[in-house]
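Input: a single structure, listed below in structure tokens.
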Amino acid sequence: MRAALPSDEAAWRLLWRGYCDFYKAQLPDEVTGRTWKRILDPDSQVMCIVAEVDGQVYGFANCVVHENTWETQAVCYLEDLFVMPAARGHGLGTSLIEWLRNAMRAEGWARLYWMTKADNVQARRLYDRFAQADGFVRYVIPQR
């Protein structure tokens, strides 16, 4: 597990496409490009951790570290977690979350949090090993 590097762009974009396809999301190329640029920008709150095995990237965790109104420390929102389907079941998702949990302690974040669809059974099996869902319901007002 390590921070994404500029040389990871092709692998990240392939995984990103798989992630977007899973959620049936069609994002404009400009959004994908801007997301990648923010990942590489040291002044951005967006970061990406990749799961690399034998020189190949098999998964990622895109996160946003941000201030909040409930704690004095920053928090980390795990916005996107994806492991290539062929590489699932080998602990890469677990390792990505463990890396972030260790970063939370090292960086002094108040918490690490994420969400997923209620019917994402495979992901929830992983997530339930770290924490239980808190019962919040998400509401979204899109601009468009």
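Before moving on, here are some points about what is shown:
- Residues that are of a type outside the set (Phe, Trp, Tyr) and in contact with a strand residue (DSSP E or B) (Cβ under 7 Å, 6 or more places away or on another chain) within segment 88-144 comprise Leu92, Gly93, Ser95, Leu96, Leu100, Arg101, Met104, Ala110, Arg111, Leu112, listed in sequence order.
- Output for segment 1-28, where each listed residue is in a loop (DSSP other than H, G, I, E, B) and touching a Ser or Thr at 6+ places or on another chain (Cβ under 8 Å): Met1
- Filter pass, Ala106 being in contact with a His (Cβ under 9 Å, 6 or more places away or on another chain), of a type outside the set (Lys, Arg) and either more than 21 Å from Ala4 (Cβ to Cβ) or at pLDDT 95 or above (or both): no
- Residue in segment 113-134 that is over 16 Å from the mean Cα position of the chain (by Cα), at pLDDT 95 or above, among the charged types (D, E, K, R) and part of a helix (DSSP H, G or I) present: no
- Within segment 29-52, the set of residues being in a helix (DSSP H, G or I), of a type in the set (Ser, Thr, Tyr) and surrounded by fewer than 17 Cβ atoms within 10 Å (Cβ to Cβ) comprises just one member, Thr32.
- Odd one out for Trp99 among (1) touching a residue at least 60 places away in the same chain (Cβ under 8 Å); (2) touching a Phe, Trp or Tyr at 6+ places or on another chain (Cβ under 6 Å): (2)
- Qualifying residue in segment 66-78 (condition: assigned to a helix (DSSP H, G or I), farther than 20 Å from Leu126 by Cα and not small (Gly, Ala, Ser)): no
- Some residue of segment 83-93 being part of a helix (DSSP H, G or I) and in contact (Cβ under 8 Å) with a residue 60 or more places away in the chain: yes
The values are calculated or read from the model by the stated rules, or taken from the named source; none is laboratory data. As the structure is a prediction and not an experimental result, all values here were calculated from the model. Ideal geometry is used to build each Cβ from the backbone, glycine not excepted, and the neighbour counts take in all protein chains shown.
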